[in-house]
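Here is the structure we will look at.
The values are calculated or read from the model by the stated rules, or taken from the named source; none is laboratory data. Just so it is clear, the structure is predicted and the values come from calculations on it, not from any experiment. We place every Cβ from the backbone using ideal geometry, glycine too, and count neighbours over all the protein chains shown.
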Amino acid sequence: MLTYNMHFEITTYSDSVSGMHYAEDYSFWNPLIEYFLSGMDAFEIHCWEDEQAVVDEIINELSSAECRKEGKVIIVKGELTDKAKNFLLANPLNDAGQLKWFSVFLHRNGNILFSSEHYGTEFTGSGLNVEQKEFVIRTLPEDISVLEW
């Protein structure tokens with residue numbers, strides 16, 4: 001079966017006081033992440049150290065997750081239980097309507113197969129089949145760039 005490694009990037013951003021890039025609309029988040037949660041067994045969320053309230057929320061909701069600091073990044077990882085899946089889908093946006101997490105990685109058997117990075121403006125899929133590739137393109141906003149290798 002033919003597979004694809006792909007990088008998708010949203011090219012139109014909302015205005016942000018912080019200067020960070022955020023999508024104008026995150027209505028794609030739940031369908032996209034829910035699609036890729038199937039068959040995954042672990043997650044990893046990266047936040048900046050100054051986003052302590054977001055980190056605290058993750059730790060409070062997913063108490064069995066491991067937490068460590070690498071430089072200025074807080075990394076929380078754990079088993080992708082039903083509770084973790086629900087957490088990624090139930091309340092992903094902050095009060096400004098922006099994705100809370102700088103990066104989210106979905107693993108299967110120790111390999112990262114799908115990631116959302118830069119507050120949900122860049123996505124990478126490893127070993128995507130044609131159906132998965134087409135799903136991502138259909139689900140993300142029209143203004144994306146796609147790199148395939």
Do any residues in the stretch 84-96 that are farther than 9 Å from residue 33 by Cβ have Cβ atoms under 8 Å from those of residues that are hydrophobic (A, V, I, L, M, F, W, C) and surrounded by 17 or more Cβ atoms within 10 Å (Cβ to Cβ), where the two are at least six apart or on different chains, and which pairs are they? 84/43; 84/62; 84/65; 87/58; 87/62; 93/29; 93/99; 94/54
Members of the stretch 119-149 that are buried (at least 17 other Cβ atoms within 10 Å of the Cβ) and either of a type in the set (Lys, Arg) or on the phi > 0 side of the Ramachandran plot (or both): 119, 120, 133
For the stretch 1-91, list the strands (runs of 3 or more DSSP E) that sit wholly inside it and hold at least 1 residues that are closer than 29 Å to residue 142 by Cβ; which are they? 4-10, 42-48
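For residues in the stretch 92-124 being within 13 Å of the chain's Cα centre (by Cα), polar (S, T, N, Q) and assigned to a loop (DSSP other than H, G, I, E, B), which is nearest to residue 27 (Cα to Cα)? It would help to see each step written out before you state the result.
Start the filter on the stretch 92-124 by keeping residues that are within 13 Å of the chain's Cα centre (by Cα), which leaves 92-93, 98-107, 112-124.
Next, only the ones that are polar (S, T, N, Q) stay: 98, 103, 115-116, 121, 124.
Right, trim to assigned to a loop (DSSP other than H, G, I, E, B) and you get 98, 121.
Working: 98: 11, 121: 13 Å.
In this case the residue turns out to be 98.
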Of the conditions (1) exposed (fewer than 13 other Cβ atoms within 10 Å of the Cβ); (2) modelled with pLDDT of 95 or more; (3) of a type in the set (Gly, Ala, Ser), the single one that residue 84 does not satisfy is (1)
